[in-house]
1. Just to be sure I understand the model, the point goes 7 Å from the Cα along the line to the Cβ. What's the resulting H132 to Y24 distance in nm?
2. How far, in degrees from 0 to 90, does helix 111-123 lean away from the longest principal axis of the Cα atoms of the chain, to the nearest 10?
3. Quick check for you: with a 1.4 Å probe and neighbouring chains kept, what is the accessible area per residue of the chain, in Å²?
4. Name the residue farthest towards the positive end of the dipole of region 17-137 from the options S43, T76, Q31, assuming +1 on Cβ of Lys and Arg, -1 on Cβ of Asp and Glu, about the Cα centre.
5. With +1 on each Lys and Arg Cβ and -1 on each Asp and Glu Cβ, how big is the dipole of the chain about its Cα centre, in debye rounded to the nearest 20?
6. Might you work out the accessible area of F94 for me, using a 1.4 Å probe with all protein chains in place, and round it to the nearest 10 Å²?
7. Could you please state how large a percent of the accessible area of the chain is carbon and sulfur, counting protein chains only and using a 1.4 Å probe?
8. Ratio to report: Rg/Rh of region 49-132, with Cα atoms as the point set and Rh obtained by the Kirkwood method; give two decimals.
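The values are calculated or read from the model by the stated rules, or taken from the named source; none is laboratory data. Note that the structure is a prediction, hence the values are computed from the model and not measured. For neighbour counting, all protein chains shown are included, and Cβ atoms are generated from backbone atoms with ideal geometry for every residue, glycine included. Each accessible area value is taken on the protein alone, full model and side chains, heavy atoms only, with ligands, DNA and RNA left out. Shrake-Rupley method; radii C 1.70, N 1.55, O 1.52, S 1.80 Å.
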Amino acid sequence: MNWEALGSVAELISGIAVLITLIYLAIQIRQNTATAREAILRSQTDRNMDNSNFMAGTPGLMDVFMRAMEDPEAVTKAERWRFGSYMYAMFLDFQEAYHFHITGRQDDYWWPTIRENIKVYLRRPGGQYWWHSQGSRFLDPKFIEFVDSELLPTIGVEQ
């Protein structure tokens, strides 16, 4: 066998090895992406469950929340702060989900649920009051723009 033929065989083998390596890396990247998306979903689900447990398990919080959502003026200053702290935590979660959505790091089926949850909060007088007095001042400008331009008009809320 001559050197030229041996070199050609070696190139063919190395080309096949590179192709196998690239296929392996593509599979690994796909699996890592799926794992990352599952972790995001699990984290968001866990936080939603923790939030529900916190609301249900904290004496008086549900009452404050319900009264503040219907009429923010009907609660005391301390209750308004408690309500505002709760709303800020919820909207930080919503904001994170928004950023995961626009960067493509979150599965599409989860986003419509989050979007509807935001609308549920903002349909109520207390949610609107909180958004206009606090929420739209302390969150990310891109998220604020999304809420103000895409969500509020769809639920008939003035900006």
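1. Using points 7 Å along Cα→Cβ, the separation is 6.2 nm.
2. Once rounded, one gets 10 degrees.
3. Result: 64 Å² of accessible area for each residue.
4. After comparing all options, I get Q31.
5. So the magnitude is around 320 debye.
6. 10
7. 61
8. Value, to two decimals: 1.01.
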